[in-house]
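Asks: Provided herewith is a single structure, encoded as structure tokens, for subsequent inquiry.
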Amino acid sequence: MAPTMFSLPTKEQRNLRFGLVSFDILTDILSNLNKRNKSNLENVPEYCGYLKERRIVECVFRLCEELGLNPVVGYQAIEILERFMAKYIEDQIHSSQKGQDPKNYEDLIFQTLKKKLFLFILSSVQIASKLDLYSNVVNNDIAMRFLHAVNYTSSKEQLLDSEILILKTLNFNLNVPNPVTYVETLLEVLGHNDATVPVAHLHHLCVHVLQFIYLQRETIYTSLLISATGCPSPSDEQRAKFVSVTEDFMLLGVGVIAVAAFIHHISTWEKVVEELTGITGISGQSIMDFAYVTLTHITGNKST
């Protein structure tokens, strides 16, 4: 997407201040996130994660940048988009199968998605912007001005229909966790347990590390799978079982923080990993494996 002259009137920045949440509240938040993460992993479909393909992720990030939104909106939009698309495609298949040749309805669904995908992406960003307390809300007027700026043909009615379709398909269940929530909560707990940990500096690095992982998601998780199985060409069965790892936000959260800690101060990163193990129960070896694979991709040394 080419840069545009479009911008919102103002741009609010999230001003995070760690150490202000009470221990009891922090414990409840972490416990709830852990329960939700485990629940999601118990019901994760094997096709989950396909819509986190680099081009779609990059499109969402660029949209948020162009619209002056906080990065967290992008991650929330990606989660909303993926859940919507999975349910939407499933519904389309069920409704199209009745009395039609499979090849015909598959082609019809593909053509429909091809025409509407960008609108679905923008609508997901719109919805996510309304859920974030620190971002400007992208209403339909703002969205239409943006579409005109990038020469995308759409009416306001089509834009509204797209947003309503997403909301109804998801039964208005939009309160889904995103990886930023896990990273920031873990940092808060980390700082509470050890006041010497520079959580503010780590957070700044985590923002960039998490973005890198999402843009290189397929290659990083493929490297993790190869490392875990010891097989350079993992089978379909191994890949299917590994989906629970790719969708584990708690593992992603500790992995992101471990990478940030390694970059910030290599001499103390093992202490951070030890603390993260104590907080989450995830083994230090698993955290270090995740960090090692990510760091090899960051440095370009993809020996894994």
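Asks: Within segment 240-265, track down each residue that is part of a helix (DSSP H, G or I) and in contact with a Cys (Cβ under 7 Å, 6 or more places away or on another chain). Outline the logic, then answer.
Replies: Here is the first cut: in segment 240-265, the residues part of a helix (DSSP H, G or I) are 240-246, 249-264.
Those that are part of a helix (DSSP H, G or I) and in contact with a Cys (Cβ under 7 Å, 6 or more places away or on another chain): Val243, Val256, Ile257, Ala260.
Asks: Among the residues of segment 192-212, count how many are part of a helix (DSSP H, G or I) and surrounded by fewer than 21 Cβ atoms within 10 Å (Cβ to Cβ). Spell out the reasoning first.
Replies: Within segment 192-212, the subset part of a helix (DSSP H, G or I) is 192-193, 199-212.
Cutting the leftovers down to surrounded by fewer than 21 Cβ atoms within 10 Å (Cβ to Cβ) gives us 192-193, 200-201, 203-205, 207-208, 211-212.
Residues meeting the conditions: 11.
Asks: Out of curiosity, is Gly230 open to solvent by 40 Å² or more (accessible area, probe 1.4 Å), over 20 Å from the mean Cα position of the chain (by Cα) and under 18 Å from Asn193 (Cα atoms)? Spell out how you get there, then give the answer.
Replies: Details: open to solvent by 40 Å² or more (accessible area, probe 1.4 Å): yes; over 20 Å from the mean Cα position of the chain (by Cα): yes; under 18 Å from Asn193 (Cα atoms): no.
So Gly230 does not fit the description; no.
Asks: Six or more apart or on different chains, Cβ atoms under 8 Å: show the pairs whose first residue is in segment 74-96 and within 16 Å of Asn175 (Cα to Cα) and whose second is open to solvent by 10 Å² or more (accessible area, probe 1.4 Å) and of a type in the set (Asp, Glu).
Replies: From residues that are within 16 Å of Asn175 (Cα to Cα), the pairs are Gln76/Asp132.
Asks: Taking segment 124-141, which residues are within 15 Å of Leu167 (Cα to Cα) and touching a residue at least 24 places away in the same chain (Cβ under 8 Å)?
Replies: Ser124, Val125, Gln126, Ile127, Ala128, Ser129, Leu131
Asks: When the residues of segment 60-74 are filtered to those that are assigned to a helix (DSSP H, G or I) and in contact with a Cys (Cβ under 8 Å, 6 or more places away or on another chain), which remaining residue is surrounded by the most Cβ atoms within 10 Å (Cβ to Cβ)? I'd like the intermediate steps shown before the answer.
Replies: Within segment 60-74, the subset assigned to a helix (DSSP H, G or I) is 60-66, 71-74.
Restricting the remaining residues to those that are in contact with a Cys (Cβ under 8 Å, 6 or more places away or on another chain) gives 71, 73-74.
On the way: Pro71: 17, Val73: 29, Gly74: 26.
My answer is Val73.
Asks: So, in segment 92-118, how many residues would count as being modelled with pLDDT of 70 or more and either open to solvent by less than 20 Å² (accessible area, probe 1.4 Å) or of a type in the set (Lys, Arg) (or both)?
Replies: 3
Asks: Let me ask something additional. If you take the residues in segment 123-177 that are more than 26 Å from Ile89 (Cα to Cα) and of a type in the set (D, E, K, R), which one is most open to solvent (accessible area, probe 1.4 Å)?
Replies: My answer is Arg145.
Asks: Further question on the same structure: Looking at the structure I just gave you, is Glu188 of a type in the set (Asp, Glu), surrounded by fewer than 19 Cβ atoms within 10 Å (Cβ to Cβ) and either in contact with a strand residue (DSSP E or B) (Cβ under 8 Å, 6 or more places away or on another chain) or part of a helix (DSSP H, G or I) (or both)?
Replies: Against the criterion (of a type in the set (Asp, Glu), surrounded by fewer than 19 Cβ atoms within 10 Å (Cβ to Cβ) and either in contact with a strand residue (DSSP E or B) (Cβ under 8 Å, 6 or more places away or on another chain) or part of a helix (DSSP H, G or I) (or both)), Glu188 does not qualify.
Asks: If you don't mind, there's one more thing I want to ask. Regarding Leu224, is this residue open to solvent by less than 40 Å² (accessible area, probe 1.4 Å) and at pLDDT 95 or above? Even if it seems obvious, please write down each step before you answer.
Replies: Values: open to solvent by less than 40 Å² (accessible area, probe 1.4 Å): yes; at pLDDT 95 or above: no.
No.
Asks: Quick one: is Glu275 in a helix (DSSP H, G or I), among the acidic types (Asp, Glu) and closer than 21 Å to Lys38 by Cα?
Replies: So Glu275 passes the test.
Asks: Continuing with this model, one more query. Name the residue, out of Ile78, Ile89, that is at pLDDT below 85 and either touching a strand residue (DSSP E or B) at 6+ places or on another chain (Cβ under 8 Å) or open to solvent by less than 60 Å² (accessible area, probe 1.4 Å) (or both).
Replies: Ile89
Asks: For segment 213-221, check the following and say yes or no: at least one residue is open to solvent by less than 50 Å² (accessible area, probe 1.4 Å), in contact (Cβ under 8 Å) with a residue 12 or more places away in the chain, over 22 Å from Lys35 (Cβ atoms) and not in a helix (DSSP H, G or I).
Replies: The answer is yes, given that some residue of segment 213-221 is open to solvent by less than 50 Å² (accessible area, probe 1.4 Å), in contact (Cβ under 8 Å) with a residue 12 or more places away in the chain, over 22 Å from Lys35 (Cβ atoms) and not in a helix (DSSP H, G or I).
Asks: While we're looking at this one, here's another question. Sort through Leu165, Leu131, Leu160 and tell me the only one that's under 21 Å from the mean Cα position of the chain (by Cα) and either more than 13 Å from Gln76 (Cβ to Cβ) or at pLDDT below 95 (or both).
Replies: Leu131
Asks: To continue, here is another question. Which one of these does Thr294 not meet: (1) farther than 16 Å from Gly49 by Cβ; (2) open to solvent by 30 Å² or more (accessible area, probe 1.4 Å)?
Replies: It fails just one condition, (2).
Asks: Also, I was wondering about something else. State whether the residues of segment 252-261 include one that is open to solvent by 20 Å² or more (accessible area, probe 1.4 Å) and at negative phi.
Replies: Scanning segment 252-261 turns up no residue that is open to solvent by 20 Å² or more (accessible area, probe 1.4 Å) and at negative phi.
The values are calculated or read from the model by the stated rules, or taken from the named source; none is laboratory data. Predicted model only: the values in this text are computed from it and were never measured. Glycine gets a Cβ as well: all are built from the backbone with ideal geometry, and neighbour counts include every protein chain shown. Note: accessible area is taken over every heavy atom of the protein model, side chains too, but ligands, DNA and RNA are not part of it. Shrake-Rupley method; radii C 1.70, N 1.55, O 1.52, S 1.80 Å.
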